1. If I take R0 = 30 Å and measure r between the Cβ atoms of residue B:70 and residue B:25 in this structure, what FRET efficiency does the formula 1/(1 + (r/R0)^6) give, to the nearest 0.05?
2. Based on the Cβ-Cβ distance from residue C:102 to residue C:32, what FRET efficiency comes out when R0 is 41 Å, to the nearest 0.05?
3. Which residues in the range A:46-75 have a backbone N closer than 15 Å to a point placed 7 Å from the Cα of residue C:157 along the Cα-to-Cβ line?
4. Using a simple spin-label model with points 7 Å from Cα along the Cα→Cβ vector, what separation in nm is obtained for residue B:338 and residue B:63?
5. Please report the projected area of the protein assembly as shown's Cα convex hull averaged over all directions, in nm².
6. List every DSSP H helix in chain B whose Cα atoms extend 15 Å or more along the helix's own long axis and whose mean Kyte-Doolittle hydropathy is at least 0.5.
7. Where does helix A:106-119 land angle-wise versus the long Cα axis of chain A, in degrees 0 to 90, nearest 10?
8. Among C:95, C:217, which comes first, second and so on when ranked by fewest other beta-carbon atoms within 10 Å?
Amino acid sequence: MATAKTAKFDIKSYRGFKAMTLICLFVLYAPLVVVTIYSFNASNSITTWEGFSLHWYADVFIGPDSDKFKAAAFNSFVIAITAATLATSIATLAATAMVRGGKFRLRTVSFGLISLPLMVPEIVTAVATLIFFNAIGFDRGILTILLAHTAFCIPFAYLPISARMQGIEDSYEQAAMDLYANRRQAFTRILLPLMMPGIISGFILAFIVSLDDFIITNFVKGAGVETLPTAIFGSVKQGIKPNIMAISTMLLGVSVLMVTISYFVSKSDNTK
Amino acid sequence: MSTDQEITREIAIDVRNAVKRYGDFTALKQISLSIMDNEFFTLLGPSGCGKTTLLRMIAGFEDVTEGGIYLYGDEIENLPPHQRPVNTVFQNYALFPHMTILDNVGFGLEMRGSSKADARKRAGEMLELVQLSQFAARKPSQLSGGQQQRVALARALAPQPKVLLLDEPLSALDLKLRKAMQLELKHLQRETGITFIFVTHDQEEALTMSDRIAVMSAGELQQLGAPTDIYERPHNMFVADFIGETNLLEVSVDKIEAGRAICHLGGGHELTCNEVAGIGTGAQVHMSIRPERLFMSEQPAKGESLHGRVKENIFVGTDISTIVALDEGPDFIVRTSNSDRGNKRIFEPGTEMYINMELGAARLLVD
Amino acid sequence: MAAGAASGGSAVTDTYKESRTWLLMPAWLTLSILVLAPVTMMLVYSFLTKEFRGGVIWEFSLAAYDQFFFDRGLFGDEAPKVEWTYILIFWRSIWQAGAATILSLVIGFPTAYFIATRPEQSRPLWVFLITIPYWVNLLIRTVSMKFLLRDQGPFNDLLINIGLIDTPIHIINTNFAVQLGLFYSYLPFMVLPIYAAVERYNFTLSEAAADLYASKWVTLRRILLPAVKPGVIAGCILVFVPSMGSFLAPDLLGGAKNFMIGSLIEEQFKGNAGNWPFGAAASMILMTMVLIILLIYARQQARADKVEG
């Protein structure tokens, strides 16, 4: 950025690209910042600013809709934690087979299967899952949401985990086996600890994906069961109210916090 | 060492007709060699020659396509790596980054069933041996390359393997450290009495450290012998060219009499050298003459002499390399040690002179 | 010889070869039962007869596809004409997704390039800044966008207060609002692959071009762009594909006039008015389109890999 001073001609820098980047960041952050600011608005109307207040946060917890939101939040977190745990475990095992299992005929097929939820449009997955549960006569409720989320989260957990494993040379495990560790010991004592940052990132991403999911949840949730996104959507359909902004800001805070943790975990490279 | 001794010594690793194929590609073509107990044995060759593959087959990381590998008489090629009492020092050391130095060194003992306390005690002793006790609690990343190298060595030696495999362990070190480590490795091998199998592409390193060297190229064994054998009596053109600097000349064998072969160099020059089995009269072969075995003089000296003219002198530190063109014949490189300059003459470019050598300095090569 | 090269791909990744079936089993089972089987079931449903209160009657029927493509009049007895309603909705979805992709490319390329040419230590932080919003709930982001751009929202307020305009600009419920929402939803998907490609790019090539009298912009067009083209194409696909099937942006920002496939499908499963086989058929058509795009892309990638050796 000090290029103007140091070099007259810099082959790498193009005029306007920095401005574009700043515009890009502005567009990305402006709506979030505005909603966060307005969630602290004292006014009953969302249009005018009448000073700072925590009024709407209090409203979320003790207001008329608080029970609905608390139940939705509880569902959201239980589902997110369970689905992320299941998806991460499945993805860790799958990544081990895919990255450390040699070449095999079903490898490409397996990879296709794992990334299927990313390739099929989310609304199609939602429709298909709804139809499936309907066809096999499975009553819609928390369990259907949980199952759908687990499957949908697998690729999100898989990608950071397999990326991490590809970055770990297999000479560590070879050295362990050369030093009389059997395969299981090489896995638990060497590979698993080295993969931990990838596993944590994978878990966090899966957690956020589940927590944030609206479309699939909306299709498979069944009557009366709400998660935070579906509850918010329901409210928004009747107009944006300030308490929704307070909930949104809190949920936004959770996501940003989790992603930040994931960022620092993945940066802490324990192979160095 | 004398031949008698070798017969009484046990064979540590016996590779019998080992073949390694990857699909259509044959990495090793029927290799057979015996590595003796308590020997410092080196597999030497350019990259891609199959030396690392052979080492990894002994360690158990590569299957043997055909043939067998025996460790003190026991067939081992079907055992997984963790059941073979051989340990490896990896090229990049492969120190476990999430464990301390002490736990790294103790890992093998622990896996073999020692208690954690015993493993640590023994690991501590090993660290003392390589003079790294003060780093026991550190992580590998906090050590320098040379220190990591020694940890890798201590880790591989701690479970007292029957054979230690070293896969180019010095290649990541700088020149000075490498020289020091060469000596240290040699001493360690003497002290522990463990058979070392050392893989390298550095011929100087191989000559310095080894009891015996196996020179490999393109998946085949080219020559097996003591360093002096390999250097002074290269068997074929590959070995002569790969080990050290040499003058390689195309010659035709004029006649053979009384164990001597008289060869024609072109331009009317003739040289006499020792007969080599398998090369008869009329053969078109290559000849190797080490540049340091040549010296220059104004008049022909005793032995073999050839007349020529100095083209260029090149200063290379300890030596001076002189390029000499024979009259209507090939170019020669003559190497004169700087410490010898009192006795041996250096001529200015353009000067006519003779290059001389003792009988036996020139050697005929198979293929 | 490097250990990796020596082992020629056999031993390097073979460590858990024997156990790979068991390691993969949970993933196979979960994804087969919960993704593959449902998609198959959806295909079956698209050929069934609709039940008027939602759901299906198990009777083979082509009615869903017929309804999608043909108009047979109110009583179904007229000669079939091409039914444009749904084709137009698909067409609008493609058009909107395309516009959002171009918007993302125009802003995303310079951004990705700028980030990739930052000093190495600060690059992850820039990437992080670009990706954070993606991880914020899509619903919240879309609602925020709507709030910001409303006629009485902060954006119009600001413009009126600084005197740039007198009356609010109508953005919500226009095509542009949907494009903006889609752009906002998937921008990181454009930035990341381009960033990865530019980061790998060898800038000595640009220097060589400059040395041979190419101007900066010529260098960008003739040397850099061809080199990073795979990243650009990947980015475009990653934005285009989810945009086409998106539901929230058109629903919340576009209003009834700017109906897209996502909303069309969603309606078929809402309450009693829906038509499940028709929704399944529309989903199948959408998925087929997406898979065709991905297949063409995969084949081109394979060809490009072959050329590179």
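1. Calculated transfer efficiency: 0.70.
2. 0.65
3. A:46-53
4. The answer from the label model is 5.6 nm.
5. Result: a mean projected hull area of 55.2 nm².
6. Result, helices passing both filters: B:101-111.
7. Taking the Cα atoms of chain A, the angle to A:106-119 is about 10 degrees.
8. Taking fewest neighbouring Cβ atoms as first place, the list is C:217, C:95.
Since every read-out is calculated from the coordinates, none of them should be taken as a lab result. Quantities reported herein were computed from a predicted structural model and do not represent experimental measurements. Counting neighbours? That spans all protein chains shown, and the Cβs are built from the backbone with ideal geometry, glycine included.
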